[in-house]
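Below is the structure I would like to discuss, written out as structure tokens.
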Amino acid sequence: MNDGESAAERLRALLEEARPPTGGVALEEIIAEVAPVLPLLRELPAEKRASGDYESFEFRECFTVLTLLGRRLALLDLTPTAAVRVVQLALRSVEDSDETTAEGFAQHAFAAAVEGFVLGREERIGQTAEARAAKPLKPLRIDEAVFALIVSGVHEPTVLSECVDALGRAMLDADVEVAIVDLTQLGEPNRERAAAVFAAEEVTRMLGGVCFFTGVDARWKAAAADARIPLDAIQIASNLVEAIAAAREMTGRTAEGGALKWRALLDRLRR
């Protein structure tokens, strides 16, 4: 490596020359993740990399950092092949022009990066699955006067809070004052999830409306008690059919009024 050329500059040149398949990830993003690791790699002299004493502290520290780098590359959504290629180029970027990477060191470096990549890929898959699961959780407009939020599965409290916020925005935009939140299929009640979903009561009240909750079984009652939520101040219906009937009565809708969506949903729920 030339004295006037930094490791980061050489890494950029190597990446531009090699053009590893990044799947649309910009080279700037990759360089931003790799550049902080280069000084540590540079501190390991060639003779040490070839020594084979890879259990020493400085090598363990180096491989730990490479594991973290592998995780970050996975979170960028690179493929395993592209991630290993990036690490290979990172090693080359800190070498002198007449130096070659010691095979033993390279193998340990790649193994550390792959270990981190696997951890990052699992994390990435989890994030993607959570985002995909949360995407359908949108307020359902049952009628001109009512929105419903029907949640199923297990979701983090932050996701549930976003769903409740979306419910409030939908009601505000449509000038609707009645909501139904169904917890029948929502899993793993706890204090945080209860606080998130029962916040729909406060949201609708701020809009001058009312929220009916269904599916509030013993588990949700216990979670609500743990969160210090007074359920006696909340409208709770035994099931969706009763909640819909109560909402219809409150909004003054009648079957003759043309509430076809109400009738279709009620018929489906009664089967």
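Tally up the residues in region 85-109 that are at pLDDT below 90, of a type outside the set (S, T, N, Q) and not in a loop (DSSP other than H, G, I, E, B), please. Break it down into steps so the answer makes sense when it comes.
Taking region 85-109 first, the residues at pLDDT below 90 are 91-109.
Now narrow it down to the ones that are of a type outside the set (S, T, N, Q): 91-92, 94-96, 98-99, 102-106, 108-109.
From the residues that got through so far, the ones that are not in a loop (DSSP other than H, G, I, E, B) too are 91-92, 103-106, 108-109.
Number satisfying all stated conditions: 8.
Here is a follow-up. Please go through region 188-213 and pick out each residue that is in a strand (DSSP E or B) and surrounded by fewer than 21 Cβ atoms within 10 Å (Cβ to Cβ). Spell out the reasoning first.
At the first step, the residues of region 188-213 found to be in a strand (DSSP E or B) are 210-213.
Within region 188-213, VAL210 is the sole residue that qualifies.
Suppose we filter region 200-244 for residues that are free of Cβ contacts under 8 Å to residues at least 12 places away in the same chain and within 15 Å of ILE142 (Cβ to Cβ); how many remain?
0
When region 52-91 is examined, which residues are found to be farther than 20 Å from PRO20 by Cα, of a type outside the set (A, V, I, L, M, F, W, C) and surrounded by fewer than 15 Cβ atoms within 10 Å (Cβ to Cβ)?
GLY52, ASP53, GLU55, SER56, GLU58, ARG60, GLU61, THR64
Of the residues that sit in region 140-187 and are assigned to a loop (DSSP other than H, G, I, E, B) and of a type outside the set (Gly, Ala, Ser), which one is farthest from GLY208 (Cα to Cα)?
This residue is VAL154.
Right, next: Here are LEU172, LEU160: which of them is of a type outside the set (Val, Ile, Thr) and buried (at least 17 other Cβ atoms within 10 Å of the Cβ)?
Working: LEU172 fails: buried (at least 17 other Cβ atoms within 10 Å of the Cβ).
Exactly one residue qualifies, and that residue is LEU160.
Looking at (1) in contact with a Pro (Cβ under 7 Å, 6 or more places away or on another chain); (2) buried (at least 21 other Cβ atoms within 10 Å of the Cβ); (3) under 15 Å from ALA148 (Cβ atoms), can you tell me which one ASP182 breaks?
(1)
If you go through region 16-50 one residue at a time, how many are out of contact with any Ser or Thr (no Cβ under 8 Å at 6 or more places or on another chain), among the small types (Gly, Ala, Ser) and touching a residue at least 12 places away in the same chain (Cβ under 8 Å)?
Here the count works out to 4.
The values are calculated or read from the model by the stated rules, or taken from the named source; none is laboratory data. The shown structure was predicted, so the numbers you read here are calculated from the model rather than taken from an experiment. Glycine also receives a Cβ, built like all others from the backbone with ideal geometry; neighbour counts cover every protein chain displayed.
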